[in-house]
Amino acid sequence: MPSAEPPTGPGPDTIVAIATPAGRGAIGIVRVAGPLAQDIARRLMGCLPAARRATHGAARGALGQVLDDGIALFFPAPHSYTGEDVFEFQGHGGPVVLHSVLAACLDAGARLAEPGEFTRRAFLNGRMDLAQAEAVADLIDAASAEAARSALRSLAGEFSGAIDGMVAQLVELRALTEATLDFPEEEVDSLHRDDADARLARLRAALDEVLARSREGSLLRTGIQVVLAGRPNVGKSSLLNRLAGAERAIVTPIPGTTRDALRESIQIEGVPLNLVDTAGLRDSRDEVERLGVERARRELAGADLVLAVHDASAANHSLPAAPVAVARIDIYNKIDLVPGFRIPKGDFPAVGVSALTGAGIDQLRRVILEAAGWKSHGESVFLARERHLRALQAARGHLAAAASQGRQWELFAEELRLAQQALAAITGEFSADALLGEIFSRFCIGK
Ligand SMILES: Nc1nc2c(ncn2[C@@H]2O[C@H](COP(=O)(O)OP(=O)(O)OP(=O)(O)O)[C@@H](O)[C@H]2O)c(=O)[nH]1
Ligand SMILES: [Mg+2]
């Protein structure tokens, strides 16, 4: 079991980092946090800037030489990002200038911050919980406007709020259960049974809802692996080009054009898709094509969603070596050649399209999102990480186990306790050091 780590006071060190990206820019920011922040501000600027007021001045080195001219900001503890004294210098965004300011801070006693160390301190000082801290990194890494909006909502505490709400319900139910444990069996049952059942049912429904929104939101983070597969010449590459909105893949009337798997990142409604075009599936005597087909099969094995492409104008619509385990959509392409084409009945969602004219492509996009599990909750999804999903699933398992405990109230209470523990790990109430290290090491320096 991970050991509980209560928020500690400010770390003993004062940390410093260039908070803006490497390279040239209009503005560059050096950020200092810790007990020496005031002292360092005084040394650099000549005096301590008024709290939270932009103060114009020169930053000077130890010998009094001017390093840069810019804006100084001082945020006294505890009302700062990390909860400690924080000093920021906003100067000119050139690497030489910024490094000289950084060096002056190091000379004055600060040490270089590790990746994510500012945010880690914010977490340890109780300025934000773990899910919010993760949202900081997710916001910076967001690959689409939807992902960014979702990260912002998590940062504002929406996801944590949903988790905390469930934890509060669990605590209540646990308290009621433990209180009745001292009574004899029969009495416990009559006192507690119906109430507990109702509360547990509500809790499980709430958890399912959060899990669904989290699963959906996790698509925004990780993207979906979508593989185009089918016989040669059915128009796989043409479809990739159509969906990508650019001529990425070579298209020719010669069957067996595509050999290497070709990847293209696209977005549908802000959901990132990794689209893979593959060699047409057939037995070939051509060595290169055979290798291509082998690759295609490997891609199929790793797909979240297979787009099985057929030629609507051809007689044979079977897909050689169709994978069974994953989600699949049947696409009948070249409907422009077959007026009044009727989609054959099948086991999978199917669409008729024309990569040539663009007919049916909008519908295809919708069907792709549906098949991937995106329900356009849009504004209400949680940008969940794998870690969150695992914790939610664990909690779900414990609640299910609790529900099947019947009259064994000790076991019932124990399952509730385990469910609470799983949920609390999301917001970081019980987090092992190793987990924190893992999470914050993926941040950029200066954040
Ligand atoms: N009429 C019509 N022709 C199409 C359509 N889509 C593709 N084609 C043509 O079909 C031929 C094959 O298209 P590709 O996109 O290269 O097909 P592919 O499935 O990638 O073929 P391989 O890479 O050889 O497996 C080309 O001549 C395309 O112009 C369509 O919707 N309508
Ligand atoms: Mg092709």
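The values are calculated or read from the model by the stated rules, or taken from the named source; none is laboratory data. Please read these numbers as outputs of a predicted model, since none were measured by experiment. Virtual Cβ from ideal backbone geometry, glycine too; neighbours counted across all protein chains shown.
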Looking at A229, A249, can you tell me which residue is within 16 Å of ligand 1 (Cβ to nearest atom), in a loop (DSSP other than H, G, I, E, B) and at pLDDT 90 or above? A249
Counting only residues that are crowded, with 17+ Cβ neighbours inside 10 Å and more than 12 Å from A279 (Cβ to Cβ), region 249-263 contains a total of 1
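Can you tell me which residues in region 34-50 are under 37 Å from the mean Cα position of the chain (by Cα) and outside any helix (DSSP H, G or I)?
Taking region 34-50 and keeping what is under 37 Å from the mean Cα position of the chain (by Cα), we get 34-38, 40-41.
Result: G34, P35, L36.
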List every residue pair whose Cβ atoms sit under 6 Å apart, with the two residues 6 or more apart in sequence or on different chains, where the first one lies in region 243-256 and is over 16 Å from G292 (Cα atoms) and the second, anywhere, is away from ligand 2 (no atom under 11 Å from the Cβ). L243/I266; A244/E264; A244/I266; R248/E264
Would you mention how many residues in region 59-70 are over 14 Å from A108 (Cβ atoms) and either of a type in the set (F, W, Y) or buried (at least 16 other Cβ atoms within 10 Å of the Cβ) (or both)? 2
Can you tell me which residue among R385, R407, R417, R365 is over 21 Å from the mean Cα position of the chain (by Cα) and within 25 Å of L275 (Cα to Cα)? R365
Scanning region 252-271 for residues that are among the acidic types (D, E) and not in a strand (DSSP E or B), the one farthest from ligand 1 (Cβ to nearest atom) turns out to be E269
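Pull up region 272-301, narrow it to residues that are assigned to a loop (DSSP other than H, G, I, E, B) and basic (K, R), then point me to the one that is nearest to ligand 2 (Cβ to nearest atom).
Step one: list which residues in region 272-301 are assigned to a loop (DSSP other than H, G, I, E, B), which gives 278-286.
Applying the additional criterion that residues be basic (K, R) yields 282, 285.
Working: R282: 12, R285: 19 Å.
Taking the candidates together, the pick is R282.
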Checking A279 against (1) farther than 24 Å from N316 by Cβ; (2) at pLDDT 90 or above; (3) small (G, A, S), only one condition comes out false. Which one? (1)
Taking the residues in region 207-226 that are in contact with a strand residue (DSSP E or B) (Cβ under 9 Å, 6 or more places away or on another chain) and hydrophobic (A, V, I, L, M, F, W, C) as candidates, determine which candidate is nearest to ligand 1 (Cβ to nearest atom). V226
Restricting region 236-248 to residues that are within 19 Å of A314 (Cβ to Cβ) and buried (at least 24 other Cβ atoms within 10 Å of the Cβ), the residue that is farthest from ligand 2 (Cβ to nearest atom): L239
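A261 - would you say it is within 15 Å of ligand 2 (Cβ to nearest atom), of a type in the set (A, V, I, L, M, F, W, C) and in contact (Cβ under 8 Å) with a residue 60 or more places away in the chain? Before you say what the answer is, go through the steps one by one.
Working: within 15 Å of ligand 2 (Cβ to nearest atom): yes; of a type in the set (A, V, I, L, M, F, W, C): yes; in contact (Cβ under 8 Å) with a residue 60 or more places away in the chain: no.
Criteria not met by A261.
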Residue tally, condition within 16 Å of ligand 2 (Cβ to nearest atom), out of contact with any Ser or Thr (no Cβ under 6 Å at 6 or more places or on another chain) and of a type in the set (G, A, S), over region 195-235: 2
Quickly run through region 330-350 and pick out the residues that are outside any loop (DSSP other than H, G, I, E, B) and either within 16 Å of ligand 2 (Cβ to nearest atom) or buried (at least 21 other Cβ atoms within 10 Å of the Cβ) (or both). D330, I331, Y332, N333, I335
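For the condition crowded, with 20+ Cβ neighbours inside 10 Å, of a type in the set (A, V, I, L, M, F, W, C), in a helix (DSSP H, G or I) and within 24 Å of the chain's Cα centre (by Cα), what is the one hit in L207, L203?
L207
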Which listed residue, of R387, R396, R407, is modelled with pLDDT under 90, of a type in the set (K, R) and surrounded by fewer than 20 Cβ atoms within 10 Å (Cβ to Cβ): R407
Any residue in region 278-304 that is within 12 Å of ligand 1 (Cβ to nearest atom) sitting within a Cβ distance under 6 Å of a residue that is among the acidic types (D, E)? List the pairs, counting only those 6 or more apart or interchain. T278/E299
